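Before any comments, here is the structure.
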Amino acid sequence: MSSNTFDHKCPNCTAPLKFNPHGQNWVCEYCGSAFTKKEIDLYESKKGHVLKEETEAVKMEKDEHGMDIYTCPNCGAQIVADEQTTATFCVYCKNTAILKNKLVGEFNPSYMIPFYKTKEDAMEAFKKIGKGRPFMPKEFSNQKNIEEMRGIYIPFWLYDFAIQGVLEADAKRISSWTTGDYQYTKTDTYRAYREGIMSYHKIPVDGSTRFDDDMMNSIEPFDYKGLVEFSHSYLSGFYAEKYDVNSDQAKEDALKRASNSTAETLRDTVVGYSVVDVHHQDCQVHSFQDHYVLLPVWMLNIQYKGKLYMFAMNGQTGKIVGDIPIDKKKVMIWWAILFVAIFLLASLIWWIGGML
Amino acid sequence: MKKYVFAFLCMFLFIPSVFGAEEKIYDDADLLTFTQESELNQKIEEYIENYDMDMILVTTLINPYSSPREFAAKFYDSHDFGRNENRDGILMLIDRSEGYNDVYLLTTGEAIRIYSDSRIESILDDIQEQVSNGYSSMFEAFIDSSSYYASLGVPDENKNSYIDKDGNIAYKRQFPFLLITILSLLVPSIIVGILVAKNKMVRKATSASVYLDRGSIQLGRKEDVFLHTHTTSIHIPRNTGSGGSGFSGGSHSIGGHGGGGRRM
């Protein structure tokens, strides 16, 4: 049990089952059957031991690059996976291989959000990325530029904080009036003291060094109403990773964000002044809790004119992010057209103004 | 013989008026001698010939109107003064109705453009310098000063002006080339900048406000302590008219004329 790959089999025909994000159920691509989470759980609790025997695969060894080698339970081929990978595919039979031995103990996620968006959704979203972005090169969002596309359950740390903040600011109230030939300006200066405690829930920080932190920030927010207890069943059909940044390291990023927002929240309570000058602020963590979860992300690698561009789509909400190259020629043409248009328009307004 | 002499005199008195050398000096207050008048007349003729504008000198002891300006304007309008279509000309009035020398310079037509407010003030200064030398000198100073400014032509500030159909000065709207150019450079740059920024979607998150439970906020301390107050004052300079004016000058309420005056 400690070193096996794991996959779901169709109760009807024993073909592999795949998770279907749109229906939030499991479908068999061979016999067309569909099963709910309840049905799967019920079936596996009965037949579980049989399946486990069938899917047991021994972790062979590490190869010369330090990769782990597993045997596919389906076709017996070798599955090569690196240290972080927890779910991958057999390159020969395309079966999902869940490396269950890596999802135990501290690496066992407590919760996850299943995929809601399919590969086709991600492709569609990428095709439309040029909408409202006239400076994208015309060919960029072409489907043939999608070099690689993976639905990955990315390890995230979610942090709950109760943060106490203090803030001191000089606040000025400025009023002005005129008496006779003199204009008076009166400045009342106050010192504003604020102290407050507030809670943050589930600030996400990605727990894998393989994914760009800023990009993972940019696909936020996830809708935590979609959080479910972790189950291997949702991994079928997708890749999955385990964390390589531990909670203590990742916490710093979340804390920085929470501290900024705490100071900002306190600052926003200093109202009714013309000028507010904060000269002291401090935050202390009163309590915190971390959750290890897997969140669904579609990663797209785009090959365009010999350069690689990375895009990520929130697998739950469909929000897609990535930096799009800029077509400099288009920028110049736009600028020139706007210049001429505004020059003519302004001249016309001036000319019409003279007729009135 | 007497008839003959009379006819001869008539030729001298009236013929010049028929052929354009109309009367230019109306010395009703009798401030000038006959010789002074003829000297001034000669200078006026020179002025008219050189600058193609009329020039009238008027003195009065009675002013039935509310101001020297009104008197001057009524006087100018009731006579056939002025050259060309816009009745171009300048009139100097010495109004002694209140026992003072209220000097008013009335401009009409092209003269409004040439004699800007600042030039009128300079001419008045030149006239005032001659007060102690008598009226003849004051008029002379007026003619010399007016000639000098007429020789300079229209000042820069009025280059862009014209005389409208009511005889008032009007300014042509000038195409705001610089403003429109700056606008045309700036606005597309802002629009293009915003659109370029749209292509960058990956940004580091610095705030956690989305994850803040607003209901959990408990303010333990909320104190605004008064430290100090201070008040500053600035004197606002008021627009006061040119100092020393004995009566309201520069008023444009009487249409078709410009000018300015001063009590001396």
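Things to note:
- Within segment B:175-196, the set of residues being over 23 Å from residue A:331 (Cβ atoms) and within 10 Å of chain A (Cβ to nearest Cβ) comprises B:175, B:176, B:177, B:179.
- In this structure, residue A:322 qualifies as facing another protein chain (nearest Cβ under 8 Å), open to solvent by less than 20 Å² (accessible area, probe 1.4 Å) and in contact with a strand residue (DSSP E or B) (Cβ under 6 Å, 6 or more places away or on another chain).
- Flag for residue B:238 being touching an Asp or Glu at 6+ places or on another chain (Cβ under 8 Å), within 7 Å of chain A (Cβ to nearest Cβ), open to solvent by 90 Å² or more (accessible area, probe 1.4 Å) and at pLDDT 90 or above: no
- Subset of segment A:204-261 (residues that are out of contact with any helix residue (DSSP H, G or I) (no Cβ under 6 Å at 6 or more places or on another chain), part of a loop (DSSP other than H, G, I, E, B) and within 13 Å of chain B (Cβ to nearest Cβ)): A:211, A:212, A:219, A:220, A:222, A:223
- Checked against (1) closer than 30 Å to residue A:141 by Cα; (2) surrounded by 15 or more Cβ atoms within 10 Å (Cβ to Cβ), residue A:341 meets all criteria but (2).
- If only residues of segment B:197-210 that are hydrophobic (A, V, I, L, M, F, W, C) and surrounded by fewer than 16 Cβ atoms within 10 Å (Cβ to Cβ) are counted, the one that is farthest from the other protein chains (Cβ to nearest Cβ) is B:197.
Rundown of residues vs (1) under 16 Å from residue B:263 (Cβ atoms); (2) of a type outside the set (A, V, I, L, M), yes/no style:
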{"position": "B:53", "(1), (2)": "no, no"}
{"position": "B:56", "(1), (2)": "no, no"}
{"position": "B:68", "(1), (2)": "yes, yes"}
{"position": "B:72", "(1), (2)": "yes, no"}
{"position": "B:84", "(1), (2)": "no, yes"}
{"position": "B:99", "(1), (2)": "yes, yes"}
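- Remark: residue B:220 matches the filter, which requires a residue to be closer than 30 Å to residue A:167 by Cβ, open to solvent by 40 Å² or more (accessible area, probe 1.4 Å), within 9 Å of chain A (Cβ to nearest Cβ) and modelled with pLDDT under 90.
- Residue A:333 being of a type in the set (Val, Ile, Thr) and surrounded by 15 or more Cβ atoms within 10 Å (Cβ to Cβ): no
- The single residue among B:156, B:126, B:164 that is in contact with a strand residue (DSSP E or B) (Cβ under 8 Å, 6 or more places away or on another chain) and either of a type in the set (D, E, K, R) or at pLDDT 90 or above (or both) turns out to be B:164.
- Only residues that are more than 15 Å from residue B:229 (Cα to Cα), more than 8 Å from chain B (Cβ to nearest Cβ) and in contact (Cβ under 8 Å) with a residue 12 or more places away in the chain were counted across segment A:167-193, and they come to 3.
- Residue in segment A:244-262 that is open to solvent by 40 Å² or more (accessible area, probe 1.4 Å), in contact with a Ser or Thr (Cβ under 8 Å, 6 or more places away or on another chain), on the phi < 0 side of the Ramachandran plot and at pLDDT 90 or above present: yes
- Considered as a group, the residues in segment A:296-319 that are surrounded by fewer than 18 Cβ atoms within 10 Å (Cβ to Cβ) and not in a strand (DSSP E or B) include one that is farthest from the other protein chains (Cβ to nearest Cβ), and that residue is A:306.
- Scanning segment A:32-55 for residues that are modelled with pLDDT of 60 or more, part of a helix (DSSP H, G or I) and open to solvent by 50 Å² or more (accessible area, probe 1.4 Å) turns up A:37, A:38, A:39, A:41, A:42, A:43, A:45, A:46.
- Only one entry in A:293, A:331 is β-branched (Val, Ile, Thr) and either touching a Gly at 6+ places or on another chain (Cβ under 7 Å) or within 13 Å of chain B (Cβ to nearest Cβ) (or both), namely A:331.
- Cβ-Cβ contacts under 8 Å between residues 6 or more apart (or on different chains), taken from a first residue in segment A:127-140 that is open to solvent by 30 Å² or more (accessible area, probe 1.4 Å) to a second residue that is among the aliphatic types (A, V, I, L, M), are listed as A:133/A:324; A:133/B:195; A:134/B:195.
The values are calculated or read from the model by the stated rules, or taken from the named source; none is laboratory data. From a predicted model like this one, the values you see are computed outputs, not experimental measurements. Note: ideal-geometry Cβ built from the backbone for every residue, glycine included; neighbour counts use all protein chains shown. In case anyone asks, the SASA skips ligands and DNA or RNA and just uses the protein heavy atoms, side chains included. Shrake-Rupley method; radii C 1.70, N 1.55, O 1.52, S 1.80 Å.
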